[in-house]
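Inspection log for the structure reproduced underneath, given as C-alpha cells.
The values are calculated or read from the model by the stated rules, or taken from the named source; none is laboratory data. Small disclaimer: the values here were computed from a predicted structure and weren't measured. Using ideal geometry, Cβ is built from the backbone for each residue, glycine included, and neighbour counts are taken over all protein chains shown. Each accessible area value is taken on the protein alone, full model and side chains, heavy atoms only, with ligands, DNA and RNA left out. Shrake-Rupley method; radii C 1.70, N 1.55, O 1.52, S 1.80 Å.
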Amino acid sequence: MKTPYRYVSNYKDGKWDDGVLTTDDKVCISECAGVLQYAQTVFEGLKAYTTVDGRIVTFRPDMNATRMLASAKRLEMPVFPEDRFIDAVNQVVSANRDYVPPYGSGATLYIRPYMFGSDAVIGVKPANEYQFRLFCTPVGPYFKEGVKPIVIRVSDFDRAAPRGTGNIKAGLNYAMSLYAIVDAHEKGFEENMYLDPGTRTYVEETGGANFLFVTDDGTVVTPLSDSILPSITRRSLCYVAENYLGLKVEHRKVRFDEVKDFAECGLCGTAAVISPVGAIYDHGNLIQFPSGMEKMGPVIQKLYDTLTGIQMGTIEAPEGWIHEIK
C-alpha cells in the first residue's frame, strides 16, 4: 500500500545532501546507473508498531543502521550516517503515523531503507553518486491463520560464495535466491535450507532468515558462519534466551548430520520473529522434529512470546531496545 511520505537523500561530490521528505515515489536515474548495470545496492528492513500503551515504536533501529553501514562499506558505497538513518526512520514513520496499525491487530508498518548507485557507470567500478531512500507500507500479520510449522528442503543451490557477500544485506544476494525459492515452492516446500558453499556439511541459513535450534536439554543453538546475515532478531532471541529465560545459548558451527538430533527448529527474522520448522526434506529422507507439525515447540514458543512481549510493551525491554516515534 502506497503511503504519502518517503525520505530521500542524494550523495554527490563526496557528501550527502540534507535529505527531504517527499510525496514523490518515482525514482529517475540514468540507464547506465550503477545499480542497473552492476547491482550496487543495499537495503534494510524493520517495523513500526503500536504498543499496548498506545505508543508508536520501532525495535532496535540502531542495529539496522549499523548493519547498513557494514553493507555499504562492503560494496564500496558511501556510508549513510547512523544518526541520520534513525532520523529518517523517525521522519517517515511520524509523517505516515495514520498508517501504523493498532495494537492487537498483528499488523505493522514495514520500513524499507535502501541505497543504490545512481549515476552512469559503464566500466566495472563503484558509482560516484548515490541515493538513500526510505519508504514504508502497512503489512498484515505474518501468521494470518495461526502458527503452523513448515516443511523446508535442503537446497542443491548455494546462497552465497565462500568469503563473498552473504554476511551483508545486498540486493544481489536475494536475486541469487529467487530461482531456488520458486523451485522449492513448486515442489511443495516453504523454504530452502542452504548448506555452507565450501564443504556442504554445515548449516547456513535460508533465503531470508537465520536458523535457531533447540536441543533435548533446552539449549538454544544458532549456526556460526562468516557467510550468513547477522540477524538482529536472532541476536535478540539469544539475549532473551539467556537473560530472560535462563537458557544456555551456543553460537557455533552446526553440522548438518546433527540436525536430526535437535528437538526443535525455527527460522528467525523481522517478518515472523520465529517461524517453526516441523520437518526438513533431504533428498528423499524426511527429518522430523519431535515438536511436531501442529504448533511451535515449547522453547521456541517461550522465545517467541517473550520477544514479542518486549516489542509490544507487555514485558519490560532491555535498555535501548525500544525506540519511540514522537
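Using the alpha-carbon centroid of each, what span in Å lies between the stretch 60-132 and the stretch 265-300?
So the separation of the two Cα centres works out to 31 Å.
Could you tell me the calculated FRET efficiency between residue 308 and residue 1, based on Cβ-Cβ distance and R0 = 25 angstrom, to the nearest 0.05? If you can, show how the numbers build up before the last one.
Working: r = 23 Å, r/R0 = 0.93.
Computed FRET efficiency for residue 308 and residue 1: 0.60.
Rounded to two decimals, what ratio of Rg to Rh does the stretch 1-72 give with C-alpha atoms and a Kirkwood Rh?
Details: Rg = 15.6 Å, Rh = 15.3 Å.
In the stretch 1-72, Rg relative to Rh is 1.02.
Evaluate the stretch 136-209: find the radius of gyration of its Cα atoms, find its Kirkwood radius, and give the ratio Rg to Rh. Walk me through the numbers on the way to the answer.
Numbers: Rg = 13.8 Å, Rh = 13.7 Å.
Ratio value, two decimals: 1.01.
How much of the DSSP bridge set in the chain is antiparallel, in percent, rounded to the nearest 5? List each step's numbers first, then the result.
On the way: 52 of 63 bridges.
Within the chain, antiparallel bridges account for around 85 percent of the total.
Within 13 Å, Cβ to Cβ, of residue 320, how many net charges do the neighbouring residues add up to if Lys/Arg are +1 and Asp/Glu are -1?
Values: positive: 60; negative: 62, 316, 319, 324.
With Lys, Arg at +1 and Asp, Glu at -1, the net is -3.
Expressed as a whole percentage, what fraction of the accessible surface of the stretch 1-66 belongs to carbon and sulfur atoms when a 1.4 Å probe is rolled over the protein heavy atoms?
Values: 1720 of 3340 Å².
Carbon plus sulfur share of accessible area: 52 percent.
Using the beta-carbon distance between residue 18 and residue 216 and R0 = 51 Å, what value does 1/(1 + (r/R0)^6) give for FRET efficiency, to the nearest 0.05? Mind showing how you got there, number by number?
Values: r = 56 Å, r/R0 = 1.10.
For R0 = 51 Å, the calculated efficiency reads 0.35.
Working from Cα positions, state the angle (0 to 90°, nearest 10) between the long axis of helix 82-95 and the longest principal axis of the chain.
90 degrees
Where does the charge balance sit around residue 194 when Lys and Arg score +1, Asp and Glu -1, over other residues with C-beta under 11 Å from its C-beta?
With Lys, Arg at +1 and Asp, Glu at -1, the neighbours total -3.
So what's the stretch 32-167 giving for Cα Rg divided by 2.2 N^0.38 Å, two decimals?
Numbers: Rg = 17.9 Å, N = 136, 2.2 N^0.38 = 14.2 Å.
For the stretch 32-167, the normalised Cα radius of gyration is 1.26.
What percent does the relative contact order of the stretch 269-315 come to when contacts are Cα pairs within less than 8 Å and at least six residues apart?
Working: 28 pairs, mean separation 14.3, N = 47.
So the answer I get is 30 percent.
Multiply the residue gap between residue 199 and residue 282 by 0.36 nm, knock off their C-alpha separation, and tell me the result in nm, one decimal place.
Values: separation 83, 0.36 × 83 = 29.88 nm, distance 1.64 nm.
Gain in length upon complete extension: 28.2 nm.
Pick the calculated Cα extents along the principal axes in Å for this structure from (1) 57, 50, 33; (2) 66, 40, 33; (3) 69, 50, 35?
Calculated Cα extents along the principal axes in Å: the matching label is (1).
To the nearest 500 deg cm²/dmol, what mean residue ellipticity at 222 nm is calculated for the chain from DSSP H runs of n ≥ 4 alone, each contributing -39,500 (n - 2.57), summed and divided by the residues? Walk me through the numbers on the way to the answer.
Details: 6 runs with 76 residues, N = 326.
Helix-only estimate at 222 nm: -7500 deg cm²/dmol.
Taking only C-alpha pairs under 8 Å that are 6+ residues apart, what is the relative contact order of the chain in percent? Intermediate values should be presented prior to the final figure.
Numbers: 690 pairs, mean separation 61.8, N = 326.
The value is 19 percent.
So what's the net charge close to residue 168: Lys and Arg +1, Asp and Glu -1, counting the other residues with Cβ under 10 Å from its Cβ?
On the way: positive: 67, 73, 74, 169; negative: none.
Summing Lys/Arg as +1 and Asp/Glu as -1 gives +4.
Roll a 1.4 Å probe over the protein heavy atoms and report the accessible area of residue 9 in Å², nearest 10.
Near enough 0 Å² of accessible area.
Working from the alpha-carbon coordinates of the stretch 217-278, get Rg over Rh, Rh being the Kirkwood radius. List each step's numbers first, then the result.
Working: Rg = 11.6 Å, Rh = 12.4 Å.
Computed over Cα atoms, the ratio is 0.93.
What's the extension gain from residue 293 to residue 151 if we count 0.36 nm per residue and subtract their Cα-Cα distance? Don't skip to the answer; put the middle values down first.
On the way: separation 142, 0.36 × 142 = 51.12 nm, distance 0.87 nm.
Contour length minus Cα-Cα distance gives 50.3 nm.
Could you state the number of Å between the C-alpha centres of the stretch 13-42 and the stretch 158-226?
30 Å
Which values, in whole Å and largest first, are the semi-axes of the equivalent ellipsoid of the stretch 199-326 obtained as the square root of 5 times each eigenvalue of the Cα gyration tensor?
On the way: eigenvalues 132, 51, 36 Å².
Semi-axes, largest first: 26, 16, 13 Å.
Could you tell me how many cubic angstrom of Cα convex hull volume the stretch 143-277 has per residue?
Numbers: hull volume 15.2 nm³, N = 135.
Cα-based convex hull of the stretch 143-277, divided per residue, equals 112 Å³.
For residue 239 and residue 224 in one chain, what is 0.36 nm times their gap in residues minus the Cα-Cα distance, to one decimal in nm?
Values: separation 15, 0.36 × 15 = 5.40 nm, distance 1.59 nm.
Stretched fully, the residue 239-residue 224 segment lengthens by 3.8 nm.
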